[in-house]
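**Student:** Quick one: this structure, given as structure tokens, is what I'll be asking you about.
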Amino acid sequence: MATSEPVTGSEYIAHHLRHMASSQQHGLFDISVIHLDSLFFSLLTGFLVLLGLWLVARHVTTGVPGRLQAFIEMIVELIDEQAKALVSGDRRYAAPLALTVFCWVTLMNAIDLIPVDAFPRLAGMLGMAKLRPLPTADLNVPLGMALGVFVLSLYYGIKIKGLFEFLKELFVAPFGRAHMSWNPLSWIGALLLALANFGLNIIEYFAKTFSMGMRLYGNMYAGELLFFLIALLGGSFTVLGIALHLFTGSIWAIFHVLIVLLQAFIFMMLTLVYIGQAQESHAAH
């Protein structure tokens, strides 16, 4: 529901989009500013995921499993099958990573299903003027997670291939390498081809990381805005407005459950894809 204060719809939405930050942001990009609310809720959900998985693993039974254990085992089997299909070689690290990512992103996304005024009102009671609880609607969080996946893909790529082979692929894939001879023009051609390969690889790494974070952020930000607009219908205090608020809110919440799970699944799949691609050899011989 909308707040009882006499504010316009745009003011209401703008208020809910403000973060509890360490300082005022100057410009579009300010590395000195920390969104404390995004940091708190992302760490809280991460802790709850690890705690929940640990408790389930601690109480695993070999007999007939309980409902929670059976549910977790179903998710583990699903993710393990995806890891087998996308990651070659040793998958002992990939499947647990994908499971953690899926559960973590799902729980963070699920915060959007809580009424939009619940956390801001609680924050107001505690003397905090601003609070935005949905971490994945803050661009910093999805891009930060995507950057983490990028770093992991580099790490495992270097670990499996070796540093020399990894660096070699940056300059010889995907176009291959030129055949060098005593002709100086062949050296220039080889150098230009190597630079083209290196530039394309850098662009690919940047594009994959950026699109991975933007995909999750864009979907969750749009869903959050729709919940704000639906909340404004209830703030009209008319029979029609309240009826539309309840009807559209219920329909969108049910549909948004699918978005919450789908975006977590896509982020998990991209994590496996990028780590799997980092282990594959693309060097032309």
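The values are calculated or read from the model by the stated rules, or taken from the named source; none is laboratory data. Just so it is clear, the structure is predicted and the values come from calculations on it, not from any experiment. As a convention, Cβ positions derive from the backbone with ideal geometry for all residues, glycine included, and neighbour counts pool all protein chains shown. Ligands, DNA and RNA are stripped out before the accessible areas are found, and what is left, the full protein with its side chains, is counted by its heavy atoms. Shrake-Rupley method; radii C 1.70, N 1.55, O 1.52, S 1.80 Å.
**Student:** If you check Ala21, Ala2, which single one turns out to be aliphatic (A, V, I, L, M), over 22 Å from Leu258 (Cβ atoms) and modelled with pLDDT under 85?
**Tutor:** On the way: Ala21 fails: modelled with pLDDT under 85.
Within the list Ala21, Ala2, the selection yields Ala2.
**Student:** When the residues of segment 159-204 are filtered to those that are in a helix (DSSP H, G or I) and polar (S, T, N, Q), which remaining residue is modelled with the lowest pLDDT?
**Tutor:** Filtering segment 159-204 down to residues in a helix (DSSP H, G or I) leaves 159-161, 163-172, 184-204.
After this cut, where a residue has to be polar (S, T, N, Q) as well, the list is 186, 197, 201.
Working: Ser186: 66, Asn197: 88, Asn201: 89.
The qualifying residue modelled with the lowest pLDDT is Ser186.
**Student:** Out of segment 103-114, which residues are touching a helix residue (DSSP H, G or I) at 6+ places or on another chain (Cβ under 8 Å) and surrounded by fewer than 19 Cβ atoms within 10 Å (Cβ to Cβ)?
**Tutor:** Start the filter on segment 103-114 by keeping residues that are touching a helix residue (DSSP H, G or I) at 6+ places or on another chain (Cβ under 8 Å), which leaves 103-113.
Within segment 103-114, Ala110, Leu113 qualify.
**Student:** Touching an Asp or Glu at 6+ places or on another chain (Cβ under 7 Å), open to solvent by less than 90 Å² (accessible area, probe 1.4 Å) and in contact (Cβ under 8 Å) with a residue 24 or more places away in the chain, is that true of His16?
**Tutor:** Details: touching an Asp or Glu at 6+ places or on another chain (Cβ under 7 Å): no; open to solvent by less than 90 Å² (accessible area, probe 1.4 Å): yes; in contact (Cβ under 8 Å) with a residue 24 or more places away in the chain: yes.
So His16 fails the test.
Every residue, every condition in (1) under 12 Å from the mean Cα position of the chain (by Cα); (2) open to solvent by less than 40 Å² (accessible area, probe 1.4 Å), yes or no:
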residue	(1), (2)
Gly124	no, no
Pro133	no, yes
Val141	yes, yes
Gly148	yes, yes
Leu152	no, no
Tyr156	no, yes
Lys159	no, no
Phe164	no, no
Val172	no, yes
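**Student:** For segment 254-285, give me each residue that is modelled with pLDDT of 85 or more and exposed (fewer than 15 other Cβ atoms within 10 Å of the Cβ).
**Tutor:** Listed by number, the residues that qualify are Ile254, Phe255, Val257, Leu258, Leu262.
**Student:** I would also like to ask the following. Tell me the residue from Gly52, Gly66 that is at pLDDT below 85 and either closer than 21 Å to Thr106 by Cβ or in contact with a helix residue (DSSP H, G or I) (Cβ under 6 Å, 6 or more places away or on another chain) (or both), please.
**Tutor:** Exactly one of Gly52, Gly66 is at pLDDT below 85 and either closer than 21 Å to Thr106 by Cβ or in contact with a helix residue (DSSP H, G or I) (Cβ under 6 Å, 6 or more places away or on another chain) (or both), namely Gly66.
**Student:** Out of segment 20-37, which residues are surrounded by 13 or more Cβ atoms within 10 Å (Cβ to Cβ) and over 12 Å from Lys130 (Cα atoms)? Outline the logic, then answer.
**Tutor:** Going through segment 20-37, the residues surrounded by 13 or more Cβ atoms within 10 Å (Cβ to Cβ) turn out to be 20-21, 25, 33-37.
Passing the criteria: Gln25, Val33, Ile34.
**Student:** Among the residues of segment 223-240, are any over 19 Å from Asp112 (Cβ atoms) and in a helix (DSSP H, G or I)?
**Tutor:** yes
**Student:** Are any residues in segment 46-96 part of a helix (DSSP H, G or I) and touching a residue at least 40 places away in the same chain (Cβ under 8 Å), and if so, which ones?
**Tutor:** Gly46, Leu48, Val49, Leu50, Gly52, Leu53, Ile79, Gln82, Ala83, Leu86, Ala94
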